[in-house]
Structures are given as structure tokens and as C-alpha cells.
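What follows is a short report on a single structure.
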Amino acid sequence: MEDYPEELRTPPVSLVCLTGCPELHHPISAFLHSEQPPINTLALPDFSKASVLARKKNRDPLSQPTPAPPSGILKRDWLLKHRTRVPAVVAALFRADQISGDPAQWLQACTDLENLKSLIHGRSTRLVVVLVQTQAAEELSEDVMTALRKRAEIDSKHLVEFVQNDASDLRQSLNKLASLFAELCLTYYKEEGRRIRSIIEKKSSPFPELNIRYCFKIAIYAEFRRDWSEALKFYEEAYRVLREMANTSTRLPPIQRLVEIKTIAEQIHFKISTLLLHGGKIMEAVARFLKHIKTYKRLVGLPEVDFLHWEWFSRQFLVFAELLETTAASAPSSQSPRFGTSESPFSEWEFQPAYYYQLAANYLREKRCCLEQSSVSKTDLPTKITEAPDSVMPSIHIGQSARLVEEGDIVTVLPLSDAEYVAYALAEAERFQDCYEIIALYKRAQESFSSHGSQRMACLCTLGMAREYYASDDFTNSKQLFDTVAAMYRREGWAPLLWEVLGYLRDCGKRLGLTNEYTAYSLEMAALPVFSTGFEETIDFGPAGPATLSREEIQREVLNFAVETDGDPEPVGLDVDLVSPLRSVLLVAVAFHEQSVKPDSVASLTVSLLSHLPLLFKVDLLEVEFNQPACNFSMSIPLEVSPNKWLRLTHEVKSGQSGKLECLTVKAKINNNLIICCRAESPALMEDLTSWKYENQRETYPTLDPALSLSGQKSIQVDEPNPLVDLTLNSIGPALVGEVFQIPVLVVSTGHVIHGGELKINLVDARGGGMLMSPRETDESDAHHVELLSISGLPEEKEDDLNTDLSEETKSDNIRKIQYSFGVVSVPVLKEGESWCCNLEIRWHRPKSVMVYVSLGYNPGDVDQRVNVHRSLQIEGKVPFFTNHRFMMPFRREPLLISNIRSLISPLEEKKVSLALKENNIVIVSAKNCTDVPLNLVSMKIVPEGGTDSNEKLFLVQEISGISNKCTRFVPGEEFRGVFSITPLVAKSSLSLGVVCVEWTRDSKNQDQPETVTTKHSLPQVCVEEPPLVAAIECPPFAIVGDPFSLYIKVKNNTNLLQEIKYSLGDSQNFIFCGAHVHTASILPGKEHVLSYKFVPFSAGVQQLPRITITSVRYSAQLTPSIAAGTIFVYPAEPKFSLEKNGSELVV
Amino acid sequence: MIVCVAVVGHQNNPLYLQSFTGSDDALKLHHIVHCSLDVIDERVNNPKRSASTLNETFLGLLYPTENYKVYGYLTNTKVKFIMVTTDLDVKDADVRSFFRKFHAAYVDAVCNPFHVPGKKITSNSFSERVGTIVRSFGPSMTL
């Protein structure tokens, strides 16, 4: 587009000529130029310069009665002329004083006006006279004005006064002038257009050239007027006539004629496209362009100048692309929802400049091809034609060339013959390097496409660039670009496209002398899945050559490459990693048959090789490398690798080192000139080959066993050597809470010498499961439930020896760390057969099941690796006793406790055991052996909380019955009861009674003094209160039928108040009694009231006494003795107790 | 005349590509088919598509090269069909009908129990059937 002259590229601007008063030209020009629409000015400083307006030719061809055939369609300078030299309006500026003052000046003015008039005579150019007044007061007389007007032969409105005394006046005058100019310009261009239109309408011209010219002119005049639709209409008309003319005109030699027509068509089409695009009609513009292309594509012309056609054709695309880009009219995405259907016949790309850039590049390539052919054929031609004429220049008509002949001083312009023109055009074309132009076009297209996310199209443009670089022997750039293209095709598996690119790459590598690259590209090509379809011979694959034949050739060539160049001793080395495209050349899968192996025992592995090369080849040497270099092995038997078939080799390796044994690389040496170093891959994790994964082939497995192909790994775990050490953990049944439980650990060496032995102990909650739970992770309080106290039983004398004999270092080496659930202890050097033992001391604070993990790590001596032995043992922690307690009152003694009554009324309150103050309250503590082993009970006592040495004695404890011997043996399930009497001394709502301590030992058979363990059972908080009334029933222990006995109920008032009681006695058929059935009594403070009854029993056996109820009126509370208290045994006759053994008679 | 038909898989890999020109255009047709995948991507991923076109399998004219027109079709399993024709004045209905037949042939081909899904289609009967469909393509089809 930049090649076009400026007047063609920009819309035409009206031209006004100013003459006279040069000082005013600048402000007037500037003002007019800034108007909308702008007006250009042709400023002539004085009237003498007005001759530039004069016509070059007097003869107007239009006025000729019989016009000669035109020698061209459009004149080159016509448009420029109208933009710079032919004004629509000529304005003569006179100073007012020039007119009104001196007669000589007036005469001069008249002369100047006459001159101007004569210059514009015959044109419709308007004349305007501007009278410049410096002051408003300086007004001219009406006569002078009229005279001047008559002189100039103009209307009154074309005589303008221009006042410039102040800014506002100046502005007003300028506005007036501008509107007048605009109006006159419009009239002028309209008239010019109408004039030419009338010629067309008369159809006077037999020549289509003239018709085109007229249409073009009308359109230009319409553009001057900004009448875009008319302009478009006449451009279209001109374009149509031109197209018709292409086949009919015989005016010029055929080649030059076509060149002219195309040049004109290009300009007209450019105008049309510009107008459409600026009018926002992008769809129409695209459609118009496609039509243009379609129309002219076939119009190639004679074969010797077809390059001219393609150059022109390419330029059409380039210009349209640039127009699309610069107008920035957005693609009509909102208007048409879907491209490519009947709703919208266009596709997305037709609105993108990139598409046209790419095509421009394509056609420029076409041009270059044709040019090369033409240049070749030119050399075959006789030389007289090929001689290009010396001075060829553009002629006065657009699209024509002429020859300048100088003979002495006379310069003549002669037309060219076609042969001369062809020679000239060839010479011109050969001067330019098209490839850079092509690359630039592809580059623009590629950038634009990739910014729109059209990667593949961008890739195609890159390919175009790469081909151009290749064609211009720039192999470095070319290779780089081809590489990016190849990556794209590799990823999507487009083998034929990749084949072509690799062919170029291979050639680039060859020409750049890159042996490795050359070999790699060649091998990749040879291993591509390109198959014959029968047409390969005819396809232009570039330097790659036809695919099916060449694959084998390439392989042969590459594999024998270095043999030919014998002087080069260095074999070519290729690395094939997991993402390399060369995996299809040689793929190595390594699978161990087992997952783990014992040290020093044999592990078998399968090394499988797969190649997609088309021919069988031999591997001379195969080297397999591992991460343990000792295991590396190589095979030097020639191996034949067939195409597309796994070659499976089974080998055995032996590793003495424990840990991971991994196969790293497999190196295959082929023909002594090529070493392919493949990264070993596990069959289980192997990715498909990108190029072969879509091929419809039989699925084969790298190993014989298909399961191994799915799970096989290239690494194997080499186990530790078998420990030759016995580690034993013993336990004597369940542990009991509270005791220090000992677990003996015994280490006996049965073959290994233990060096640097270390015993690790770990306690883990068995419920939580697993050794993985680290002691730190466990809850702090939880960790305390079971505690590793210490490790005892270490051979002390040995340690002493160490301490005394050996240095500090060895002492610090002797690790011993104990934490709550974790411990480490070092094990001394043990020779074969020696043993070492220790005891783990563990205490349970709560019943819990615990796993004890013990692991012994050591060095077996000669080999520098650790061996670990693990043992574990689950140990239940159990509670030794099930302890319980019960509070009671002494027999037949009932204190009235207010809190008990209250708790009856409101049972929701927390119930606390109430004890009567200063009464002997009975506590019965029972302990039941709930273990499986017999235990010895040493003692049972109630210990006040905070120790017995408290200053204030809150209560007295007295053991009523307990352990008689020093040790009482309890078998499992047996229960022991201890009876204590507690006499509270202080009334207190909350009193802590302390804890019951049960001391016990395991009933062990060995004579060691077993450790005494104390199990505590805490007694609850009790409420101590003073009973207001205490009722005691006095009754003999037994009765005899028919024998009367007395029963006293003693009610004591402990308060300072008078207490009234009601009491009643029920009836009973087994007794008769005397005394009040129902009665009341009043008890004085601190006194005791005795109710006495006399009973006579009737029947023998256990009998229930009549029910006794005592009610305190003040507290509305009943004192009812318990059923046990109201029971008596009645003998039928006087019993005789004889205890012969003791020799004494027990009399109750 | 149809010069090329192609089946393109999920990874934009060619599953079947047959050209019917027999001339040196074969590689060019590969390039055309490959590049038209860009337009398919754009059309399929374009979120502005209206609801009525969501279930449309026929993708329309992908892009016109000067000598060819390229049409696309997307199956429910996201396999793409691409057709390149030299007829510059083709009715949409013809192309739709062609793709329907082609789709049927493709479905039959992949229903073959010996065909591994996702692999290239190498069936000869499929090729023959495609050849028949291609030869029968033309304006006469709708008459």
C-alpha cells in the first residue's frame, strides 16, 4: 500500500488558490485546513505567479469532433494535478487602500484581475475577490465595490470583505470566507462531474478507455464532494468496463496491455475497498475482494511474464490485508452468529489480515518460481531479445512504460515492444530478493495467527518462512523454524507432514555439518509411520523424497554412514530420553521379574528393545548400566532387532548391596559407528510413542508375561541380609495397673557379630494400631497412660568396665534414652554365641492394651550396612482390683439427716452421701481380684487426702475389721471387705474422706521380695451434718417363743429446741406387745426420750417386728428403721451354745 | 468434486485421510486439513454460540482456500470429519447429507470388534464405502 502515490491513498481534498496579500495566506491556509471537511490552499504570493494555473495544453480532447483513440486509460498526473494545481476557487486578495487610493494601483488591480480571468477561462473555476480591510471604519464606497465586481464579472456575494482589525472580526471573516469557499468548491466539483457525466450519457466515445477515464473522474469529483455512494458507483462502473475491455482492446501489445489493465484495476479496486471499509461494510469489502481475485486470477497473460501476474496478484492480497489491518473494522462477529453456513458464507479467517498476508506470501512464492523459470528460459533465447533497453521509464499513462531515446539534445519517448518490455521486466524483477519479502509476509501472518490462537495456521506460516530460508541457503534460521514446526506435527501425530519437515531438517543438518542432528533426524524419519498410498512418487516432499522408498534408504545410509567416512573414529552418540522423538527408533524397557530380592542372590530382569525402523539391524554391543555400577553388564553377541517387534533379553544380576537397584541406561552400539544411549523405562510406566500410538497394529508386550508388562519396574529392592541374631521378648501374662511391669529382652547372636547394636523400644497404643505412630504424635496425657520407666537388668559390671577402662568417647557412645513411650539403648559388641539381656520396665497408669515394638539394628561386622530385627508383643494392662465402697449407719441407729430429706424432695440435685456428725458412720470397702493371677493383699487403709499430718483433724478413722495376717492371698475372683468407722468431727457440706489405699503384691513363687504396689481408690466427697434427732432401737439379739422381751426406742434431741415427735407401732400377728400404738411426745433440748415396749413372740424363726415409725413434727420427717433393723430371730426354746473347742460357753 | 476426506481424533491426530486427486496435491491437502482444525477449535470453543447451534454437528464451511472449500463436522464423541471439495458452489444441504452418510460409514467402521478405538482406521471396506459416498457427491444428490 505504501507503494501507491499519496493522492491515491488518501481521500481527495478540495483546492483553493489564494493570490495577493501574501501576509494573510498563512492564517487563511491554516484555518481552511482545519475546517471540516478541510480545504487545501494553493498560495500564490503575487499575481505574477498565477501563471501556474495556466493550462498546459490548449486543446481539449473532449472538444475534438473526431477524437483520436486515447493512448492510455488514466494519466499518471491527473489526480495529482487536481489536488495541487487545479483549484476549484481562485481568490484574489486586494487591500482596500489598493483599490480606493491611487488610480495607478486601481489600474494594476484591474490588470491582475484580467490576467486571472484569462487564466481560468474555459474552466468552471470560480473567482472570488476578497477586499482586505485593516480597520472596520475603512469602508469602501458602494461605487468602488460595484466597479470592482464588474471588473471581475462576479456576483455580489463573491466579493467578500475581509476585516482583520481584531481577533473576533478576523475569526468572523475567516468563517465567512471558509463557508463561501466550501460552497463554491462543492459547486465546482459538482459541475465538473456533471460535465463529464453528460459526455458519458451522450455515449459519444467509441473507446472504452475513455469511458473508464470518465467514470474514474466522476468518482474522484464525487470524492471531492464526499459523496461516497456516487464515488463507489462510478468506481464500480469503471471497474466493470475495464474488465470488459480486457478481452477487446488491441491498442497496445498484449503483454503491456494486460499490465496496464491490471494496474488500473488494482487502483480502482483499491479505491472501492477503501471506500467500503471506511464505510464499515466489511462483509461487502471481503466479498468484493474475493470477486476481484476470482476475476483476475486466470488472467495470467503470456507465460514469459507470468511472474508479473503473480507479483500483481500477491500485491492485491497484501494491500487488502493492510487495508483490513489499518481500518480496524472489526469482523462482524456480533452480526452473524455462525460462520460457514448459509447464513454467513464467510469463515472467520476471511476477516483476518493474517489470512491475506499468508496468501500474499504464497503468491509471491509463485511469482518467484515463475521468475526463476523465465530467467532460465531467457538464457536459452537468442540474445537480441534478451537485451533490455537502457532507459525505460514510466510513461504519462498509468501502467505503461516508455523508452527514452536521446539523440544529441533531442529526447524522444518511444513506445516499447513486448519483447523489450519482457526483457526490462525480467531485469527489474531479478534485481529484487523476493525471499525476504516472502518471509516478512509469512512472519506477519504467523504473528497474527498465533495471537488469534490459530496455532496450526501459524505453524503453516512458520513452515513457509522456514522453506524460504532454506531456499535462500540460510540453514541456521531455517533449521530453527523447522524444529518448531516439527514439534507441532510430532505432538499431533501428522506423520506425512512431519516427514516433509524432517526431510528439510535432515538436509539442513547435513549442510550445516551437524552429524548428530543429521543422524537423529534421519533415524526419526526412518522410524516414522509413513506408508505407501500409491501416490508418493508424485508428491513433492521437498528434500525428504518419497516416503515409502526412502525410509529404508535412509536407514541404510545412516547406519552405514560412519563406515564410509573411515577417517572419523568417533562414533555418533545419540541420547534418547523419555520425551525424545527417537524413542521410536529404539525403545528400551527393563523389567525385573521380582519386586525384591535377597542380597547376593540372583535377580532376573528382561531387557526389551523395540525399534520401528523399517529394516532389521544388528546391535553389536549392548551395555546395561545400573545405579550400582557393580551390577553393570554388557552383551557383545550380535543382536538382531527386527522392525516393530520386541527383542527380549533376559539376564541375571546379583547385588550385594541392599537398597534400590535401578537400571538407568541401556547403550546400544550399532555398526561401530552409532551409539544410542537409551534411558531405561519401566514397562508399567512406559508412555506410548506419539507417532505410533494411533497406528492400527497388533499390541505387543515388552515381556513374555503380559502381567509383567503392566506391572514391571526397572528397579528392584535389594533386601537387607538375614539377621543372624535372636531377639526374644517375654512377658508374664497381662500387666497390672500400677505395678512396674518387666519385660525381659534377650539378644543372642547366632552367627553375626553385633557391632554398634542399638535397641529401640517403642510403645504404641494397640487400638491406634501401627508402629508408624510416633511417640510425639500421641496426645500428651494419653502418652502418660503407659510409661516406659527404665531399662533395667543391664549387665552393670560390663558398664562399669566401660566406664573405668575405656575413654569418654565410648561412654557417650553408650546411648540410653528413655522417653514416655520410646527408648533407645545401645547393645555392646556381641560375638557369635554371646547373649545380652535387659528388662523393660513399664508402668500402666490406666488399663490399656499396648504394642511393644523392639527393634535391634546392628552392623554385622565386615559389611558396612545395617541389619534390623524387629519383634513386637502386645500386652494388656489390667486393673488388679475392682474396688467399691458403701456407707452405712451402725445397726439400729437412725440419725435424722436433713439433707437426705431434701434430696427426696428435689431428686434432681446432685446426691451426696451425708454422714452424721459425731456418729460412727460405717464404710465398707470391697476389693475384688479381677485378674487371672492370685494376689497378696498387704494392707488396706483409708488415708486422708493431703496426708495425715494435717493440723485440723476433721474425722476419725477406725478400722473395724481388715486384713488379719500380714499377707492375705486372694485367688482370682475373690473379694475382700474392709470395714471402717468414720466419725466426722466437723460439720461440713463437703468433706473429702481421702483415698482407700490397697497395697498388694503379686503372689510370685520365686523368693525375691516382690514389690508392693499401692492401688488407690478415692472415696467420694461427703456432706457432714449434725442430726437433730437420733433414734436408736435397743432390742435383744434374739427372742424365745412365749418369752417376753423389752424393746426401747431412744430418740435423742440434739438441738436446742423442743422437738415434738409422733410415733406409731403397727400390728403384727407374730407378736403381742404392750405400749402405745400411736402417740406423741415432746423432747426437751439435749434430752433423750425413751419409748419402751414389751413384746411376746408367738412363732419361731426370723420374724419381722411391728413396723415402727417416728415422725418429727418440726421437720415433717419420718425416721423409719430399715427392715434389717426390725428383724429378730425367735427361737422356739432357749438355745444352748457350746463351743467345745474353746472350752468356753458363749452366752449372748 | 471431493478431493479429500479426513477423520481426526481427540488429540487432533489423523485417524483416516484419503485424498482423491492422485496428484501432487496430497501433501497440500494434509496441510489444509490440519489447518482447518484451528477453525474447528475456534468454533467449538467459542462460548458465544447460541443454544440452537449447541447440538449441531455440522460445523459449516471452515475456510475457503482459493481452490478448495473445507467443511467440517463434529460427532458426539468429538471425532472430527473434514471434507475438502473443489466445487466452489456447494449447497449446505449436500454437504450435510454427505456428512450424514460418512458418519454412518464411520460408525460402522468403529463398530468392528477388531477395531481398537482411537487407532487409525485401516479397514478396506470403509475405504471403499467412503469412495462410493465421495463419488456420489454432487448437486444431483438433492435432485
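The values are calculated or read from the model by the stated rules, or taken from the named source; none is laboratory data. Predicted, not measured: the structure shown is a model, and the values here were computed from it. Here the Cβ positions follow ideal geometry from the backbone for every residue, glycine too, while neighbour counts run over all protein chains shown. Heavy atoms of the whole protein, side chains included, go into the accessibility calculation; ligands, DNA and RNA do not. Shrake-Rupley method; radii C 1.70, N 1.55, O 1.52, S 1.80 Å.
Among the residues of region A:654-713, those that are within 14 Å of chain B (Cβ to nearest Cβ), closer than 13 Å to A:Leu578 by Cα and charged (D, E, K, R) comprise A:Glu687, A:Asp688.
Looking across region A:287-311, just one residue is in contact with a His (Cβ under 6 Å, 6 or more places away or on another chain) and assigned to a helix (DSSP H, G or I), and that is A:His292.
Taken together, the residues in region A:39-51 that are of a type in the set (A, V, I, L, M) and either farther than 12 Å from A:Leu15 by Cβ or loosely packed, with under 11 Cβ neighbours inside 10 Å (or both) amount to 2. Considering (1) at pLDDT 85 or above; (2) at positive phi, the lone condition that A:Gly340 does not fulfil carries the number (1). Kindly list, by first and then second residue, each pair from a residue in region A:16-44 that is within 17 Å of A:Ala167 (Cα to Cα) to a residue that is β-branched (Val, Ile, Thr), limited to pairs with Cβ atoms under 7 Å and residues at least 6 apart or on different chains. Filtered contacts from region A:16-44: A:Leu24/A:Val132; A:Ile28/A:Thr41; A:Ser29/A:Thr41; A:Leu32/A:Val16; A:Leu32/A:Ile39; A:Leu32/A:Thr41. Of the residues that make up region A:1052-1059, is at least one touching a strand residue (DSSP E or B) at 6+ places or on another chain (Cβ under 9 Å), in a strand (DSSP E or B) and under 24 Å from A:Phe887 (Cα atoms)? Yes - at least one qualifying residue is present in region A:1052-1059.
Residues of region B:52-91 that are open to solvent by less than 30 Å² (accessible area, probe 1.4 Å), facing chain A (nearest Cβ under 10 Å) and closer than 21 Å to B:Gly131 by Cα: B:Phe58, B:Val70, B:Tyr71, B:Gly72. With a requirement of 2 or more residues that are open to solvent by 40 Å² or more (accessible area, probe 1.4 Å), within 13 Å of chain B (Cβ to nearest Cβ) and touching a residue at least 12 places away in the same chain (Cβ under 8 Å), the helices (runs of 4 or more DSSP H) lying completely within region A:433-507 that satisfy it span A:455-471, A:475-492. In region B:69-92, what count of residues is obtained for those that are outside any strand (DSSP E or B) and at pLDDT 85 or above? Matching residues across region B:69-92 total 6.
Mind checking which strands (runs of 3 or more DSSP E) fall wholly inside region A:677-776 and carry at least 2 residues that are within 49 Å of the chain's Cα centre (by Cα) and either in contact (Cβ under 8 Å) with a residue 60 or more places away in the chain or under 30 Å from A:Glu832 (Cβ atoms) (or both)? Because the criterion is at least 2 residues that are within 49 Å of the chain's Cα centre (by Cα) and either in contact (Cβ under 8 Å) with a residue 60 or more places away in the chain or under 30 Å from A:Glu832 (Cβ atoms) (or both), the strands (runs of 3 or more DSSP E) in region A:677-776 that meet it are A:715-718, A:755-765. Could you check, for region A:1102-1117, whether at least one of its residues is open to solvent by less than 60 Å² (accessible area, probe 1.4 Å) and touching a Cys at 6+ places or on another chain (Cβ under 8 Å)? Checked region A:1102-1117: at least one residue is open to solvent by less than 60 Å² (accessible area, probe 1.4 Å) and touching a Cys at 6+ places or on another chain (Cβ under 8 Å). Checked against the criterion of being over 30 Å from A:Ala987 (Cα atoms) and open to solvent by less than 40 Å² (accessible area, probe 1.4 Å), region A:1071-1078 has at least one qualifying residue. For region B:107-116, the criterion of being in contact with a Leu (Cβ under 9 Å, 6 or more places away or on another chain) and either open to solvent by 40 Å² or more (accessible area, probe 1.4 Å) or within 14 Å of chain A (Cβ to nearest Cβ) (or both) is satisfied by no residue at all. When region A:529-572 is limited to residues that are within 13 Å of another protein chain (Cβ to nearest Cβ) and at pLDDT 70 or above, the one that is farthest from B:Gln18 (Cα to Cα) turns out to be A:Pro529. On the stretch given as region B:2-43, residues that are more than 7 Å from chain A (Cβ to nearest Cβ) and part of a helix (DSSP H, G or I) total 8.
Taking A:Glu209, is it touching a residue at least 40 places away in the same chain (Cβ under 8 Å), within 30 Å of A:Leu277 (Cα to Cα), open to solvent by 20 Å² or more (accessible area, probe 1.4 Å) and of a type outside the set (A, V, I, L, M, F, W, C)? Judged against the criteria, A:Glu209 is not a match. Checking each residue in region A:352-368 for being within 14 Å of chain B (Cβ to nearest Cβ) and closer than 18 Å to A:Pro303 by Cβ picks out A:Tyr363, A:Arg365, A:Glu366.
When region B:63-109 is filtered for residues that are under 12 Å from the mean Cα position of the chain (by Cα) and in contact (Cβ under 8 Å) with a residue 60 or more places away in the chain, the ones remaining, listed by number, are B:Val79, B:Lys80, B:Phe81, B:Ile82, B:Met83, B:Val84, B:Thr85, B:Phe98, B:Phe102, B:Tyr106.
Of all the residues in region A:20-37, those that are hydroxyl-bearing (Ser, Thr, Tyr) and either modelled with pLDDT under 85 or open to solvent by 60 Å² or more (accessible area, probe 1.4 Å) (or both) number 1. Figure legend. Inter-residue proximity from region A:884-913: first residues modelled with pLDDT under 70, second residues among the hydroxyl-bearing types (Ser, Thr, Tyr) and open to solvent by less than 70 Å² (accessible area, probe 1.4 Å), beta-carbon distance below 7 Å, spacing 6+ or different chains. Indicated pairs: A:Glu909/A:Ser903; A:Lys911/A:Ser903.
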